[in-house]
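*Asks:* Encoded as structure tokens, here's the structure I'll be asking about.
Each value in this text was obtained by applying a stated rule to the coordinates, not by laboratory testing. Predicted model, so just to flag it, every value in this text is computed and none were measured. Heads up, the Cβs are rebuilt from the backbone with ideal geometry, glycines too, and the neighbour counts pull from every protein chain shown.
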């Protein structure tokens, strides 16, 4: 579950945390539906959006409002139809589960950059589902709720959990198994001034020569109790992301020169991160990256 709900007069607020992929193995597309199976080590971080649900009187039209928080590290234009936003779609999904209208204002205050591989939209969707459940006092069937979450997006089931902790995520996102905490570690995040569209990245992945699906390696990393080792982290979408967007490869090399340490791509990009065992060191690294990479923003975040 996202951080503890704050409720007053049927108004519920939840934090919707970002995630990074500490390891991501991708398999070939399934013949049945063309989707790529994954095996990934997800770790939530303390960078988060804020989702508020305010219950309205029966018969009042619902609405969804989305904007950037004043302390957002990298704001972009919200240029998509609000009714297609994952938070608005999650509202409709919960109404379908409940079998009735749930009139409410859903407000999303964003800090997580859009299209950066951090799962912000998916986390907003899960937080919306949980906030609606709490605001309306609903009892949702967990199996049907999980199915609805998966229909919204492959990352949504990870965020729709009782504890915001690391997990091993498999299949197309429907298999989520809790993993040991990564608390105590931090990352310096780099936000490029461009995104890497997921579809283009997967097409670049499919164009590469077939390679081994390294699911067992991810399982050992996430569940083996050896902790997080920066030199073992990998992402099967990193090279495809850099082929889909060559500027990302150039930027990663420049960031590694600034930091003198490896930078990892999360998800399908474009956000990159460097791992630190000390938060002050992560803050110093983020400051160096922000100063040394024109057009980029950087910040430090803690793993949860």
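*Asks:* At 7 Å along the Cα-to-beta-carbon direction for both residue 279 and residue 209, put a label point, then send me their distance in nm to one decimal.
*Replies:* Taking the two extended label points, one gets 4.6 nm.
*Asks:* Also, quick follow-up: Given the options 90, 183, 286, state which has the largest fluctuation in a GNM of the chain using a 10 Å cut-off (strictly under) for Cα springs.
*Replies:* 183
*Asks:* Could you rank the peptides 273-281, 234-242, 13-21, 63-71 by their average count of other C-beta atoms within 10 Å per residue, with the highest value first?
*Replies:* Packing proxy ranking, top to bottom: 13-21, 234-242, 273-281, 63-71.
*Asks:* Separation between the residue 82 and residue 172 pseudo-spin-labels, each 7 Å from Cα along Cα→Cβ, expressed in nm?
*Replies:* In this crude spin-label approximation the distance works out to 3.1 nm.
*Asks:* Moving to a separate point now. From Cα coordinates alone, what are the radius of gyration and Dmax values for the range 191-301 in angstrom?
*Replies:* When restricted to Cα atoms, the range 191-301 yields Rg and Dmax of 14.8, 41 Å.
*Asks:* Would you look at the GNM of the chain, springs on alpha carbons closer than 10 Å, and say which of 60, 165, 107 moves the most?
*Replies:* Sorting by GNM fluctuation, first place goes to 60.
*Asks:* Of the peptides 212-218, 146-152, 43-49, how do they stack up when ordered by the mean number of other Cβ atoms within 10 Å, highest first?
*Replies:* Working: 212-218: 16.0, 146-152: 18.4, 43-49: 23.4.
With the highest mean Cβ count within 10 Å placed first, the list reads 43-49, 146-152, 212-218.
*Asks:* Next up: Most fluctuating residue of 222, 204, 282 in a GNM of the chain with Cα springs under 10 Å: which is it?
*Replies:* It is 204.
*Asks:* Further question on the same structure: Give the share of C-alpha pairs in each 10 angstrom bin for the chain, from 0 to the last occupied bin, in whole percents, shortest bins first.
*Replies:* Pairs per bin, as whole percents: 6, 28, 35, 23, 7, 1.
*Asks:* Would you work out the relative contact order for the range 6-178, in percent, from Cα pairs under 8 angstrom that are 6 or more residues apart? Display every interim value, and only then the final one.
*Replies:* Numbers: 359 pairs, mean separation 48.0, N = 173.
Taking the mean separation of contacting Cα pairs over the length of the range 6-178, I get 28 percent.
*Asks:* Starting from the Cα of residue 217, step 7 Å along the direction of its Cβ; do the same at residue 250; then give the gap between the two resulting points in nm.
*Replies:* The two pseudo-label positions are separated by 2.9 nm.
*Asks:* Within a 10 angstrom radius of the beta carbon, how do 221, 129 rank from fewest other beta carbons to most?
*Replies:* Details: 221 23, 129 29.
Ranked by crowding around the Cβ, least crowded first: 221, 129.
*Asks:* Let's test the formula: R0 of 25 Å, r as the Cβ-Cβ distance of residue 162 and residue 98. What FRET efficiency results, to the nearest 0.05?
*Replies:* Values: r = 20 Å, r/R0 = 0.80.
Using R0 = 25 Å, I get an efficiency of 0.80.
*Asks:* Then there's this: Would you please give the FRET efficiency between residue 33 and residue 56, computed as 1/(1 + (r/R0)^6) with r the Cβ-Cβ distance and R0 = 30 Å, to the nearest 0.05? All intermediate terms of the calculation are to be shown ahead of the outcome.
*Replies:* Details: r = 38 Å, r/R0 = 1.27.
So, using R0 = 30 Å, E works out to roughly 0.20.
*Asks:* Can you tell me what share of the DSSP beta bridges in the chain is antiparallel? A percent to the nearest 5 is fine.
*Replies:* On the way: 45 of 53 bridges.
Counting only bridges with both partners in the chain, antiparallel ones make up about 85 percent.
*Asks:* Any idea how far the Cα center of the range 23-68 sits from the one of the range 261-302, in Å?
*Replies:* 23 Å
*Asks:* If you take the beta carbon distance between residue 261 and residue 239 as r and set R0 to 22 Å, what does 1/(1 + (r/R0)^6) give as a FRET efficiency, to the nearest 0.05?
*Replies:* On the way: r = 19 Å, r/R0 = 0.88.
Efficiency at R0 = 22 Å is approximately 0.70.
*Asks:* Give me the number: length gained by fully extending residue 139 to residue 230, i.e. 0.36 nm times residue separation minus the C-alpha to C-alpha distance, one decimal in nm.
*Replies:* Details: separation 91, 0.36 × 91 = 32.76 nm, distance 4.15 nm.
Net length gain for the segment: 28.6 nm.
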